[in-house]
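One structure is given here, and the rest of the page talks about it.
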């Protein structure tokens, strides 16, 4: 399979090079096509041929700090080796991110080699397993930092968000501080609203084509999801008991349940429910302050303020966030003039590590190429 896949990559590059010879490298579509073809092998971990490494220079990498409304944030900046001004992308990861992930490092370096500045922020809250609005403020700060960099064209800066990070990226893209300036946002594997995600997570059920369908979330997803509700309980003892039940996996006694605070009991009742008929009511019974905080971080609440080009990706077998969340987003944006949506069967959540038959792999890579071509065109 690897030999055939390598052949496919070589053929793709030969076609791209032929186009360059016929049309001329300096045309934007050809630049974008060639850049995308060179990036595809970097986006898929096991591809044995990496021509981008032969054609480009090693990028510069800097650890950077930049101000935002809540203080100071930091991240890794990847810069093309050559002089000039380039388009740029913020690669914003999800909850409890692995900042040393070799795949993400490879993609960041590949973008810089291909002439795209890449910034990978260290999330200010998600790194600690917390989702709150401070992350939106930090993304706005990251955007402003990139725009001010002398190697960046300030009119070609966008955000690529992954998992929970993609939902926060959409909220940030609609923030009036940057909404008129951001070039694009690519949301990969995110949620549309806290309520619909809550219903899917707790009932283990999604709706596909108007019909209920069983959906079993990954254990890690269940834990981080429950933790967000638990974090909003004000009583230390109640939080500890809820973590025992929903993070450590222990059972609570009748006495322990009775000892929970009012908000603690509401969260317990919400997280333990499995009945889809009452899930919406259970969610509405949660403390208003908690629901308002979650709603503020739901793309559902900001759609009327979006002005930029929106790209959406999701894998149909995602067990962290169901693909129906992205379908809800796309339906809600019906008629939006700058929307592209692609569904895949290639990824394990947001990493392209699924083993597929050769023909299926080619089809999925072709879809990935088509989607990436549009996004790369925003910054090249």
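Here, each number is a calculation from the coordinates, and none is a lab measurement. These numbers were taken from a predicted model, which means no experiment stands behind them. All Cβ positions, even for glycine, are placed from backbone atoms using ideal geometry, and neighbour counts span all protein chains on display.
As a footprinting exposure proxy, order 294, 55 by other Cβ within 10 Å, with the fewest listed first.
55, 294
From the C-alpha coordinates alone, can you work out the Kirkwood hydrodynamic radius of the stretch 101-170, in Å? Spell out each step's value before the answer.
On the way: mean 1/r = 0.0764 Å⁻¹.
After inverting the pairwise mean of 1/r, the radius is 13.1 Å.
After finding the eigenvalues of the alpha carbon gyration tensor for the stretch 28-102, what semi-axes result from the square roots of 5 times each, listed largest first in whole Å?
27, 17, 13
Could you list 208, 157, 140 so that the one with the fewest beta carbons within 10 Å of its beta carbon is first and the one with the most is last?
Ascending Cβ contact count within 10 Å gives the list 208, 140, 157.
Can you pull a Stokes-Einstein diffusion coefficient for the stretch 293-357 at 10 °C (1.306 mPa s), Rh from Kirkwood over Cα pairs, as a whole number of µm²/s?
Numbers: Rh = 13.1 Å.
Answer, rounded: 121 µm²/s.
For the stretch 194-295, what are the per-bin percents of Cα-Cα distances with bins 5 Å wide, up to the bin holding the maximum?
2, 13, 24, 24, 20, 10, 4, 2, 0
Roughly speaking, what is the stretch gain from residue 213 to residue 127, that is 0.36 nm per residue apart minus the C-alpha to C-alpha distance, in nm to one decimal?
Taking 0.36 nm per residue and subtracting the Cα distance, the gain is 27.7 nm.
Mind checking which of 40, 272, 230 has the largest fluctuation in a GNM of the chain, springs on alpha carbons under 10 Å?
Among 40, 272, 230, the largest GNM mean-square fluctuation belongs to 272.
Which peptide among 179-189, 233-243 comes first, and what is the full order, when sorted by highest mean count of other Cβ atoms within 10 Å?
With the highest mean Cβ count within 10 Å placed first, the list reads 179-189, 233-243.
Within a 10 angstrom radius of the beta carbon, how do 256, 62, 363, 135 rank from fewest other beta carbons to most?
Details: 256 18, 62 10, 363 15, 135 28.
Fewest-to-most Cβ neighbours within 10 Å comes out as 62, 363, 256, 135.
Could you give me the percent of Cα pairs per 20 Å distance bin for the chain, shortest bin first, beginning at zero and ending with the bin that holds the maximum distance?
28, 55, 16, 1
Any idea what the relative contact order of the chain is, in percent, if you count C-alpha pairs under 8 Å spaced at least 6 apart?
Details: 686 pairs, mean separation 65.9, N = 380.
17 percent.
Hey, what angle do you get for helix 262-272 against the long axis of the chain, alpha-carbon based, 0 to 90 degrees rounded to 10?
Value to nearest ten degrees: 60.
With axes computed from alpha carbons, what is the tilt in degrees of helix 358-379 against the longest principal axis of the chain, rounded to the nearest 10 within 0 to 90?
80 degrees
So, in Å, what gap is there between the alpha-carbon centers of the stretch 60-129 and the stretch 160-212?
21 Å
Please identify, among 360, 153, 315, the residue showing maximal mean-square fluctuation in a Gaussian network model of the chain using a 10 angstrom Cα cutoff.
The residue that fluctuates most here is 360.
Taking every pair of alpha-carbon atoms in the stretch 246-380, give the share separated by more than 25 Å as a whole percent.
Everything past 25 Å amounts to 49 percent.
Angle, helix 28-43 long axis vs. longest principal axis of the chain, Cα atoms, 0 to 90°, nearest 10?
Once rounded, the angle reads 60 degrees.
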